[in-house]
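The values are calculated or read from the model by the stated rules, or taken from the named source; none is laboratory data. Only a predicted model underlies this, so the values are computations on that prediction, with no experimental measurement involved. Please note: Cβ atoms are built from the backbone with ideal geometry, for glycine as well, and neighbour counts cover all protein chains shown. The protein model used for the area step is the full one, side chains on, heavy atoms only, and it has no ligands, DNA or RNA in it. Shrake-Rupley method; radii C 1.70, N 1.55, O 1.52, S 1.80 Å.
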Amino acid sequence: MRADAVRGHLDGLLLAVLESGPLHGYAIITAVQRRSGGALALRTGTIYPALNRLERLGFLRSTWQSVGERRRRCYELTDSGRRGLDTERSAWDEFTSAIGSVLNPGRAV
């Protein structure tokens, strides 16, 4: 899948995988890849700036957790992030309906 296919939908993807609970960055990347059946392989250079931006917007909060000698930053949704996810899902539904109506005009959407 082309990398630009995710553009504009990254926030929704990140919020969705964090809906079930806190995850660290690599686990977020893995969850997106697993849930997409391997079609979406996000890069760390894409994920971390987006996570930091979502945290600045108040959609996420992060904490440091130690795993053995390593420290990982774990991210979790805030109440604002849950509302943001609802908004992302509604926007996605509208988008896919509109695109589907153009690409497949004879099919009910």
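Determine, yes or no, whether R83 is closer than 14 Å to D11 by Cα and either of a type in the set (A, V, I, L, M) or part of a helix (DSSP H, G or I) (or both). The answer is yes for R83. None of R53, R73, R34 is in a strand (DSSP E or B), out of contact with any Lys or Arg (no Cβ under 8 Å at 6 or more places or on another chain) and open to solvent by 30 Å² or more (accessible area, probe 1.4 Å) except R73. Every condition in (1) at pLDDT below 95; (2) loosely packed, with under 15 Cβ neighbours inside 10 Å is met by L40 except one, and the failing one is (2). Residue-level check: of (1) open to solvent by less than 60 Å² (accessible area, probe 1.4 Å); (2) small (G, A, S); (3) not in a loop (DSSP other than H, G, I, E, B), S66 misses just (1).
Scan L103, L13 and give me the residue that is out of contact with any strand residue (DSSP E or B) (no Cβ under 9 Å at 6 or more places or on another chain) and surrounded by fewer than 11 Cβ atoms within 10 Å (Cβ to Cβ).
When all the criteria are applied, what remains is L103.
Of the candidates L77, L85, L60, L54, the single residue that is within 17 Å of R7 (Cα to Cα), modelled with pLDDT of 95 or more and in contact with a helix residue (DSSP H, G or I) (Cβ under 6 Å, 6 or more places away or on another chain) is L85.
Quick grid of which residues meet (1) within 18 Å of I29 (Cα to Cα); (2) among the aliphatic types (A, V, I, L, M):
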residue: R53; (1), (2): yes, no
residue: L60; (1), (2): yes, yes
residue: R70; (1), (2): no, no
residue: G84; (1), (2): no, no
residue: T87; (1), (2): no, no
residue: F95; (1), (2): no, no
residue: G100; (1), (2): no, no
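Residue pairs whose Cβ atoms lie under 8 Å apart, separated by 6 or more positions or on different chains, with the first residue in the stretch 7-33 and under 14 Å from L85 (Cα atoms) and the second among the aromatic types (F, W, Y) and open to solvent by less than 10 Å² (accessible area, probe 1.4 Å), are L18/Y75.
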